[in-house]
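The structure appears right after this line, and notes come after that.
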Amino acid sequence: MTMRLKGKVAIITGAAAGIGRASAELFAGEGASVAAVDLDVAGIQGLAQEIRAAIGDVLAVRADVSKAEDVQQAVHSTLERFGRIDILFNNAGIVPRGKIHAISEAEWDHVMAVNLKSIFLFCREVIPVFLRQGEGVILNTSSATALRSVPDRLAYSTSKGAVLSLTRSMALDHVRDNIRVNCLCPGTVDTPSFRQRMAAFPDPEEALRQFVARQPMGRLGTAGEIAHAALYLVSDEARFVTGVAFPIDGGMAI
Ligand code: NAD
């Protein structure tokens, strides 16, 4: 094993499932100590058991990433346990459907809070830590929908477009602070939440066939494939990379 993250401490949000879980497993396998943050307590405890049994050190932190107090507590617990933070992977997110006239104000506020405000809240806590340490890496999960529109995802796409702008602005603001900030733009990835979205269609199997048919590669991505892109961007191998929106989408953005 190469141990590309040996000695690093990584906070990963949305770590109980999908892309976050695959990243937590991969980062731990590469030597990182992982603070696994999620609302789903059973999910992060299961992940923590699995990581401890197999490879590495992990802290399971229950937090709602859209709540300032929870975020402060998550960062505090991470520092208390591991003494530093090297990597912040803001990955938690929700994917609601809807055209503009079908979205309630509460739904709009909720998706912006979970997908966008959460990143503001975490970065606001972690940037001072990085400035004290003299280094740090942030990775945000945006989406292919920030680069190329898809139908019926208005609030979601808007939140992910803002994640891209936030990423670039922060990258520039901190380019001389030895702090890198990048985002991933995944295409359609086969995760638990994707399966739930399919299940909500009147004919889930037909909906899945249509999603797969519109993929240039004729298949969905896997959480592990996204996690490997994340690993590169948070590792020292990407030390000259900042402010990028990295499409990993089987050709969707072409
Ligand atoms: P997932 O639903 O499988 O996992 C997301 C995790 O985030 C879950 O464990 C969930 O409990 C957690 N979470 C949700 N709201 C939270 C909150 N308020 N506080 C703390 N945790 C919360 O989803 P996924 O498909 O792995 O998605 C991860 C990220 O990737 C999201 O930001 C999503 O928008 C993005 N993304 C997914 C796809 C896809 O096709 N799956 C494509 C592009 C981008």
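Here are some notes:
- Across the chain, the fraction of Cα-Cα pairs farther apart than 26 Å, rounded to a whole number, is 36%.
- Note on Asp152 and Met217: with the Förster distance fixed at 30 Å, the Cβ-Cβ geometry gives a FRET efficiency of about 0.85.
- Residues with amide H under 5 Å from that of Arg153, placed H, sequence gap 5 or more: Gly98
- Computed E for Leu79/Tyr232 - FRET, C-beta separation, R0 35 angstrom, nearest 0.05: 0.85
- Three semi-axes describe the equivalent ellipsoid of segment 87-192; taken as square roots of 5 times the Cα gyration tensor eigenvalues and ordered largest first, they are 27, 14, 11 Å.
- Compactness ratio for segment 60-120: Cα radius of gyration over 2.2 N^0.38 Å (N = residue count) comes to 1.37.
- Across segment 145-162, coupling constants 3J(HN,Hα) worked out from phi with the 6.51/-1.76/1.60 Karplus curve, θ = phi - 60°, read 6, 7, 9, 8, 5, 10, x, 6, 9, 4, 5, 4, 4, 5, 5, 6, x, 5 Hz, and Gly and Pro carry x.
- Cβ-placed point charges (K, R +1; D, E -1), dipole of segment 4-48 about Cα centre in debye, nearest 20: 220
- Selected from Glu69, Glu135, Glu205 as most flexible by GNM, with the chain as the system and alpha-carbon contacts under 10 Å: Glu205
- Sorted largest first, the principal axis extents computed over the alpha-carbon atoms of segment 181-254 equal 47, 24, 17 Å.
- FRET efficiency, Arg168 to Asp203 (Cβ-Cβ, R0 51 Å, nearest 0.05): 0.80
- Calculated [222 nm] ellipticity per residue, helices only, for the chain: -14500 deg cm²/dmol; basis is -39500 (n - 2.57) per DSSP H run with n ≥ 4, divided by all residues, nearest 500.
- In order along segment 212-223, phi translates into HN-Hα couplings of 5, 4, 7, 7, x, 7, x, 8, 7, x, 10, 4 Hz, rounded to whole numbers, per the Karplus curve 6.51 cos²θ - 1.76 cosθ + 1.60 with θ = phi - 60° and x for Gly and Pro.
- Vicinal HN-Hα couplings computed from phi for segment 237-246 (Karplus, 6.51 cos²θ - 1.76 cosθ + 1.60; Hz; Gly/Pro x): 4, 9, 5, 9, 10, 8, x, 8, 10, 8
- Exposure of Arg52 as accessible area (Å², to 10), given a probe of 1.4 Å and all protein chains: 130
- A 1.4 Å probe run over segment 1-91, with the rest of the protein chains in place, finds 40 Å² accessible per residue.
- For segment 12-103, the orientation-averaged shadow of the C-alpha convex hull comes to 6.6 nm² (one quarter of the hull surface).
- Accessible surface of segment 1-107, 1.4 Å probe, proportion on carbon and sulfur as whole %: 51
- 0 to 90° range, to nearest 10: angle between helix 118-133 axis and the chain longest Cα axis: 20
The values are calculated or read from the model by the stated rules, or taken from the named source; none is laboratory data. What you are looking at is a predicted structure, and each value in this text was computed from that prediction instead of being measured. Backbone-built Cβ (ideal geometry, glycine too); neighbour counts: all protein chains shown. For the accessible areas, the whole protein counts, side chains as well, though only heavy atoms, and no ligand, DNA or RNA atoms are used. Shrake-Rupley method; radii C 1.70, N 1.55, O 1.52, S 1.80 Å.
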